[in-house]
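Participant: Dumping the structure here so I can ask a few things about it.
The values are calculated or read from the model by the stated rules, or taken from the named source; none is laboratory data. It should be emphasised that the depicted structure is a prediction, and the values quoted were computed from it without experimental measurement. Don't worry about glycine lacking a Cβ; one is built from the backbone with ideal geometry, like all the others, and counts go over all protein chains shown. For the accessible areas, the whole protein counts, side chains as well, though only heavy atoms, and no ligand, DNA or RNA atoms are used. Shrake-Rupley method; radii C 1.70, N 1.55, O 1.52, S 1.80 Å.
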Amino acid sequence: MTTPFDDPQAELGWLFVQTISADGDLDEAFSLVSDDFTYWTNTAGRTCDAAAFRTLLEGFRQHNSVEFHLIRCLNDAENTVIEAQAEGITADGRHYEIPLVFLFDTHDGLITALRVYGDTNLALEVFGPSA
């Protein structure tokens with residue numbers, strides 16, 4: 001098992017996860033992605049670019065808080081898998097915890113793609129159909 005401090009790609013992925021949390025810096029987060037970055041999640045089932053993903057995050061962070069707790073990290077060359085527990089408070093004040101897996105593809109020190117897998121039923125229960 002790798003920790004985010006054992007490998008530059010793992011560190012890049014974990015830094016991105018931390019910077020998209022409620023108190024993270026989105027400017028810093030998106031300085032870590034390539035021009036052709038793509039994002040996909042199984043809860044929404046669609047792919048988008050960095051600008052659209054940033055808009056999604058900004059909207060989410062306006063109404064919900066989230067922080068991520070590292071469970072484990074696996075790394076293979078330019079691919080990193082981070083398993084984390086998302087924890088936060090919804091817009092209506094409910095506490096939530098959702099397990100997530102982040103799959104990062106990197107190249108030349110930048111994130112080129114991010115795929116996020118989570119519990120679709122739990123996300124629907126916590127956030128409704130827009131998750």
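Participant: Report yes if Leu103 is assigned to a helix (DSSP H, G or I) and open to solvent by less than 60 Å² (accessible area, probe 1.4 Å), otherwise no.
Facilitator: For Leu103, the condition - assigned to a helix (DSSP H, G or I) and open to solvent by less than 60 Å² (accessible area, probe 1.4 Å) - is not met.
Participant: Further, regarding this structure: Hey, among Glu97, Glu67, which residue is more than 14 Å from Val116 (Cβ to Cβ) and touching a residue at least 40 places away in the same chain (Cβ under 8 Å)?
Facilitator: Glu67
Participant: Contact list please: Cβ distance under 6 Å, first residue in the stretch 27-55 and over 12 Å from Leu114 (Cβ atoms), second residue at pLDDT below 95 and assigned to a loop (DSSP other than H, G, I, E, B), pairs at least six apart or on different chains.
Facilitator: Taking only residues 6 or more apart or on different chains, the pairs are Thr43/Ala131.
Participant: Out of the residues in the stretch 90-100 meeting the condition of being surrounded by 15 or more Cβ atoms within 10 Å (Cβ to Cβ) and assigned to a strand (DSSP E or B), tell me which one is modelled with the highest pLDDT.
Facilitator: Looking at residues that are surrounded by 15 or more Cβ atoms within 10 Å (Cβ to Cβ) and assigned to a strand (DSSP E or B), I get Leu100.
Participant: Considering only the stretch 63-89, how many residues are closer than 23 Å to Phe127 by Cβ and outside any loop (DSSP other than H, G, I, E, B)?
Facilitator: Result for the stretch 63-89: 14.
Participant: Check off (1) hydrophobic (A, V, I, L, M, F, W, C); (2) modelled with pLDDT of 95 or more; (3) open to solvent by 20 Å² or more (accessible area, probe 1.4 Å) for Phe53 and give me the number that stays unchecked.
Facilitator: Looking at each condition in turn, Phe53 falls short on (3).
Participant: Going through Ser31, Ser21, Ser65 one at a time, which residue ends up being under 20 Å from Asp108 (Cα atoms) and among the polar types (S, T, N, Q)?
Facilitator: Ser31
Participant: For Ala77, only one of the following conditions fails: (1) open to solvent by less than 60 Å² (accessible area, probe 1.4 Å); (2) in contact (Cβ under 8 Å) with a residue 60 or more places away in the chain; (3) within 14 Å of Ala10 (Cα to Cα). What is its number?
Facilitator: (1)
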